[in-house]
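First the structure, in the form of structure tokens, and then the observations on it.
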Amino acid sequence: MAKARRSRANARPRKRAAKAAPVATGHPLDDFIKAAAHGLALPLKPEWFPAIAANLETNLRLAALVAEFGLPDESEPAAVFTA
Amino acid sequence: MAINPISATAAEIAYAMKAGEVCATVLVEATLRAIHMRDPVLNSFTAVTAERARARAEAIDRDQARGLPSGPLAGVPFAVKNLFDVEGLATLAGSKINRARAPAARDAVVIERLESAGAILVGTLNMGEYAYDFTGENIHDGPSRNPHDLSRMTGGSSGGSAAAVAGRLVPLSLGSDTNGSIRVPASLCGLFGLKPTYGRLPRARTFPFVASLDHLGPLARSTVDLALAYDAMQGPDPEDAACADRPIEPVTSLLQRGLDGLRIAVAGGYFRAGASREAVVAVDRVAAALGVNQDIEIPEAARARAAAYVITATEGAALHLERLRKRAPDFDPAVRDRLIAGAMVPAALVTKAQIFRRWYRARVLELFEKVDAILAPATPCTAPSIGQKTFVLDGEELPVRANLGIYTQPISFIGLPVVAVPVPLAPLPIGVQIITAPWREDVALRIAYALEEMGVAAAPEPQPN
């Protein structure tokens, strides 16, 4: 009983994630896209996968180019919140 | 009439108005006729605000008749990219989805400021969907067409803003520039375009794309026209959180100060790699005219472009996330797929891009201790064909839509002011960026004016249609 109460207390309202589309292209990022779409509640059509994968691959390649650039841990991001 | 209302610049129109040589109603009628006759080919307008323009022109003429002073843009017809709020119109931002929005209750701040200076809004202009575009192609409204070759792209996303001015429908338009969306179409259509410092012009009541990168600015056929419009739009605005609390710093009266004392260099390395012969010729021609003989390296420009790309994809995705959930099929597929991919980039990588951004800004600002302005190509090539999906840059085949802005992105990434000047090569023009330190639009505009006076920069006549 206590377990059931705790379970309800921990339950958070969340949108029902869209049912992910079947993997369509065999691209290495397909599983990631499928999982991310589920987590973001984005309904994807199978025919969109190749273009999304190509764009995501570009994003990640360019992000890696930036991320590999060594900067001190103390470096602040450009967007700094000011109270 | 002393001027031709179709080919006259904004400055010529305002001068003729002040001299009483022309009236605003005649100017507006001539403009509406030109739009009616020629825009079916150029496809630059998505709405023509004819009745509003006529009413405004009549009011200006009444004021003139009563001897009231005319504004610096008196009688100048202008049009705006359709992401600017215009009272009574839904703000489309190039999309199908936004057509269901309620009509805007009030004009964008910069429209109000231009009209306070005497200008007359005549309509809204075609653009790439949600400004995520460098081509000027719009799946819902059709592509805007390059007035110098109708089979070619205008560039984007402010494609209609460029086609309308280059095609001699209006002397002045407004666009927005997140990664190059003023400078790219200015380059491909042979126009002068100003992307001011980030935070200089207020963006209130415009539809955003990437809040930390969005800028507004004018496109015109002369430097003076850019300066007149820019001066009229300056000033703080509490409704735009990013708009700087700086006094107005007018530039029009400074244009003729010349080049004395200005230190100018050409951006090397990244800004030469991948450039077509035309892009190199244009920069070299401008550099030669200015007597520039030094190159300068903008450090890590490729990484800056990459970081701008990542921040754009992710901030843009955040803006549109709910629409992607509910209305994904109503997007242009090319935009939708990029936004969805942007939503999937891990936050750690976005933060890395923002950390790099601060580092890069500091390094580039150091360059401005040595030089006052840097020259770089605005686009890697002249206008590609409408519908062309890829081109070859530096030996690599790349998508046109994402890569026309490779030379503009590293600059707007840190909000530097830029004037794109047109170099009238045959058969197609191409632009050169004049990049200066933050808040030094005056220097970039002075150099642009000098190049125009030398005949090196000029907006070429469009192809007759």
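All conditions in (1) in contact with a helix residue (DSSP H, G or I) (Cβ under 6 Å, 6 or more places away or on another chain); (2) surrounded by fewer than 24 Cβ atoms within 10 Å (Cβ to Cβ); (3) over 14 Å from B:A444 (Cβ atoms) hold for B:T252, with the sole exception of (3).
Given the condition open to solvent by less than 20 Å² (accessible area, probe 1.4 Å), more than 25 Å from B:F192 (Cβ to Cβ) and not hydroxyl-bearing (S, T, Y), answer yes or no: does some residue in region B:38-59 qualify? Within region B:38-59, one or more residues are open to solvent by less than 20 Å² (accessible area, probe 1.4 Å), more than 25 Å from B:F192 (Cβ to Cβ) and not hydroxyl-bearing (S, T, Y).
Determine if region B:274-284 includes at least one residue that is touching an Asp or Glu at 6+ places or on another chain (Cβ under 7 Å) and part of a helix (DSSP H, G or I). Checked against the condition, which is being touching an Asp or Glu at 6+ places or on another chain (Cβ under 7 Å) and part of a helix (DSSP H, G or I), region B:274-284 yields no hits at all. Before we move on, is A:A83 surrounded by fewer than 19 Cβ atoms within 10 Å (Cβ to Cβ) and more than 8 Å from chain B (Cβ to nearest Cβ)? Judged against the criteria, A:A83 is a match. Of all the residues in region B:439-454, those that are out of contact with any helix residue (DSSP H, G or I) (no Cβ under 6 Å at 6 or more places or on another chain) and open to solvent by 50 Å² or more (accessible area, probe 1.4 Å) number 3.
Since A:L62 meets every condition but one in (1) more than 8 Å from chain B (Cβ to nearest Cβ); (2) over 25 Å from B:D330 (Cβ atoms); (3) open to solvent by less than 40 Å² (accessible area, probe 1.4 Å), which condition does it not meet? Answer for A:L62: the failing condition is (1).
Considering each of A:A53, A:A67 in turn, give the residue that is aliphatic (A, V, I, L, M) and either more than 7 Å from chain B (Cβ to nearest Cβ) or on the phi > 0 side of the Ramachandran plot (or both).
A:A53
Are any of the residues in region B:319-341 modelled with pLDDT of 95 or more, under 23 Å from the mean Cα position of the chain (by Cα) and not in a helix (DSSP H, G or I)? Checked region B:319-341: at least one residue is modelled with pLDDT of 95 or more, under 23 Å from the mean Cα position of the chain (by Cα) and not in a helix (DSSP H, G or I). Scanning region B:285-326 for residues that are among the small types (G, A, S), more than 14 Å from chain A (Cβ to nearest Cβ) and in contact (Cβ under 8 Å) with a residue 40 or more places away in the chain yields a total of 2.
Under the condition of being of a type in the set (D, E, K, R), more than 18 Å from B:I13 (Cβ to Cβ) and without any contact (Cβ under 8 Å) to a residue 60 or more places away in the chain, the residues counted in region B:63-105 number 4. Can you pull out the residues in region B:178-226 that are β-branched (V, I, T) and either within 14 Å of another protein chain (Cβ to nearest Cβ) or not in a helix (DSSP H, G or I) (or both)? Residues satisfying the conditions are B:T178, B:I182, B:T197, B:T206, B:V210.
B:G342 passes every criterion in (1) without any contact (Cβ under 8 Å) to a residue 40 or more places away in the chain; (2) over 24 Å from B:V283 (Cβ atoms); (3) open to solvent by 10 Å² or more (accessible area, probe 1.4 Å); (4) in contact with a helix residue (DSSP H, G or I) (Cβ under 7 Å, 6 or more places away or on another chain) apart from (3).
Yes or no: region B:178-191 includes at least one residue that is at pLDDT 95 or above, among the basic types (K, R) and farther than 20 Å from B:G128 by Cα. So far as region B:178-191 goes, no, none of its residues is at pLDDT 95 or above, among the basic types (K, R) and farther than 20 Å from B:G128 by Cα.
Take the conditions (1) within 20 Å of B:V335 (Cα to Cα); (2) at pLDDT 95 or above; A:G39 misses just one of them, which is (1).
Candidates in region B:127-161 are the residues that are aliphatic (A, V, I, L, M) and either in a loop (DSSP other than H, G, I, E, B) or farther than 20 Å from B:G190 by Cβ (or both); of these, the one that is most open to solvent (accessible area, probe 1.4 Å) is B:I139.
Is there a residue being of a type in the set (A, V, I, L, M, F, W, C) and closer than 16 Å to B:S176 by Cα anywhere in region B:55-78? Yes; the residues of region B:55-78 include at least one that is of a type in the set (A, V, I, L, M, F, W, C) and closer than 16 Å to B:S176 by Cα. Per the listing A:A11, A:A18, the residue uniquely more than 10 Å from chain B (Cβ to nearest Cβ) and modelled with pLDDT under 70 is A:A11.
Looking at the structure I just gave you, is B:A353 among the small types (G, A, S), free of Cβ contacts under 8 Å to residues at least 24 places away in the same chain and either farther than 23 Å from A:F49 by Cβ or surrounded by 23 or more Cβ atoms within 10 Å (Cβ to Cβ) (or both)? So B:A353 does not fit the description; no. Against the list (1) within 21 Å of B:V210 (Cβ to Cβ); (2) at the interface with chain B (Cβ under 7 Å from one of its Cβ atoms); (3) assigned to a helix (DSSP H, G or I); (4) not polar (S, T, N, Q), the condition A:L42 fails is (3). Are any of the residues in region B:378-397 out of contact with any strand residue (DSSP E or B) (no Cβ under 9 Å at 6 or more places or on another chain), within 12 Å of another protein chain (Cβ to nearest Cβ), surrounded by fewer than 22 Cβ atoms within 10 Å (Cβ to Cβ) and not in a loop (DSSP other than H, G, I, E, B)? Scanning region B:378-397, I find no residue that is out of contact with any strand residue (DSSP E or B) (no Cβ under 9 Å at 6 or more places or on another chain), within 12 Å of another protein chain (Cβ to nearest Cβ), surrounded by fewer than 22 Cβ atoms within 10 Å (Cβ to Cβ) and not in a loop (DSSP other than H, G, I, E, B), so the answer is no.
The values are calculated or read from the model by the stated rules, or taken from the named source; none is laboratory data. Since we're looking at a predicted model, the values are computed, not measured. Heads up, the Cβs are rebuilt from the backbone with ideal geometry, glycines too, and the neighbour counts pull from every protein chain shown. Keep in mind that these areas ignore ligands, DNA and RNA; they rest on the heavy atoms of the full protein, side chains included. Shrake-Rupley method; radii C 1.70, N 1.55, O 1.52, S 1.80 Å.
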